[in-house]
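A.B. asks: For reference, the structure I am asking about is given below.
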Amino acid sequence: MTDIQFRRLVISLLALNTFLICALAGAGLVYLRTDPPPAVTRMPLAGEQLSKDDREAFQRAMNDARRTVRQTSLEARQARIEAAALMGEPELDAKALASALDRARRAEIAVRAATEDRAVEFAQGLPLEARRRLAEGLLAREAPRPATK
């Protein structure tokens, strides 16, 4: 390698390294200056504002209600899977699709009704103040959420 070739190699490597260092510095600046993404907050649970004992009893009651309708919930899931499969077929069978979606909807309504019935049974055993706290929790779940970008 001649002296001129060596100098050209060194100069080109210095230029390349300069560009790489500037690119890394620019990326670091962009990273540091961007705002962190907003924290993802979970939805409040209806029974969170109850006392510890009432909250645990409420959670047990809701778990029991979900356990009793587990088969119905699985039927709803299976109907949704069937509906998705029907939508993916080359020839859309609208009647079969509507039937699968109807089965899913009916099963989901049955699950919700059973869960709400169990919540009503639980609320009957609560004193007025605890029922008010439970109602506040229900309203907090339904409160409008701030708009996201």
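A.B. asks: By Kyte-Doolittle mean hydropathy of at least 0.0 and Cα axial length of at least 30 Å, which whole DSSP H helices of the chain are selected?
C.D. replies: On the way: long enough: 3-33 (45 Å, 1.29); 94-124 (44 Å, -0.19).
Qualifying helices: 3-33.
A.B. asks: In a Gaussian network model over the chain where Cα atoms closer than 10 Å are linked, find which of Leu101, Leu24, Leu92 has the largest mean-square fluctuation.
C.D. replies: Taking springs between Cα atoms under 10 Å, the residue moving most is Leu24.
A.B. asks: Pick from Ala96, Ala123, Ala76: which residue has the top mean-square fluctuation in a GNM of the chain where Cα pairs under 10 Å get a spring?
C.D. replies: For the chain, modelled as a Gaussian network with Cα springs under 10 Å, the answer is Ala96.
A.B. asks: Any idea which of Ala39, Ser99, Val111 is furthest toward the positive side of the dipole for the chain, if Lys and Arg beta-carbons carry +1 and Asp and Glu beta-carbons -1?
C.D. replies: Ala39
A.B. asks: Would you mind computing, in nm to one decimal, how far apart the modelled labels at Arg70 and Arg131 are, each placed 7 Å from Cα along Cα→Cβ?
C.D. replies: Distance between label points: 3.2 nm.
A.B. asks: Quick check on the chain: take the gyration tensor over C-alpha atoms, sort the square-rooted eigenvalues as a ≥ b ≥ c, and tell me if it's rounded (a/c under 1.5), prolate or oblate. Don't jump to the answer; show the numbers that get you there.
C.D. replies: Details: a/c = 4.44, a/b = 1.92, b/c = 2.31.
Oblate shape, in that a/c is at least 1.5 and b/c is the bigger or equal ratio.
A.B. asks: If you scale each eigenvalue of the Cα gyration tensor by 5 and take the root, what three semi-axes come out for region 52-138, rounded to whole angstrom and sorted largest first? Could you put the intermediate results ahead of the total?
C.D. replies: On the way: eigenvalues 275, 26, 18 Å².
Rounded to whole Å, the semi-axes are 37, 11, 9.
A.B. asks: Where is the GNM fluctuation largest for the chain (alpha-carbon springs, 10 angstrom cutoff): Ile109, Ile11, Ile81?
C.D. replies: Comparing Ile109, Ile11, Ile81 in the GNM, the peak value goes to Ile11.
A.B. asks: When the helix-only estimate is applied to the chain (DSSP H runs of n ≥ 4, each -39,500 (n - 2.57), divided by the residue count), what is the mean residue ellipticity at 222 nm, nearest 500 deg cm²/dmol?
C.D. replies: Values: 5 runs with 112 residues, N = 149.
The helix contribution divided over the chain gives -26500 deg cm²/dmol.
A.B. asks: Please give the charge dipole size of the chain, origin at the Cα centre, charges +1 on K and R Cβ atoms and -1 on D and E Cβ atoms. Round to the nearest 20 debye.
C.D. replies: Details: 24 positive and 20 negative charges, 71 e Å.
Approximately 340 debye in magnitude.
A.B. asks: May I ask you to compute the full-extension gain from Leu29 to Ser99, defined as 0.36 nm times their residue separation minus their alpha-carbon distance, rounded to one decimal in nm? Walk me through the numbers before you get to the answer.
C.D. replies: On the way: separation 70, 0.36 × 70 = 25.20 nm, distance 5.59 nm.
Stretched out fully, the Leu29 to Ser99 stretch lengthens by 19.6 nm.
Rule-based calculations on the coordinates, nothing more; no lab input. This structure is a prediction, so every number in the text was calculated from the model and none was measured. Methodologically, a virtual Cβ is constructed for each residue, glycine included, from the backbone with ideal geometry; neighbour enumeration extends over all protein chains shown.
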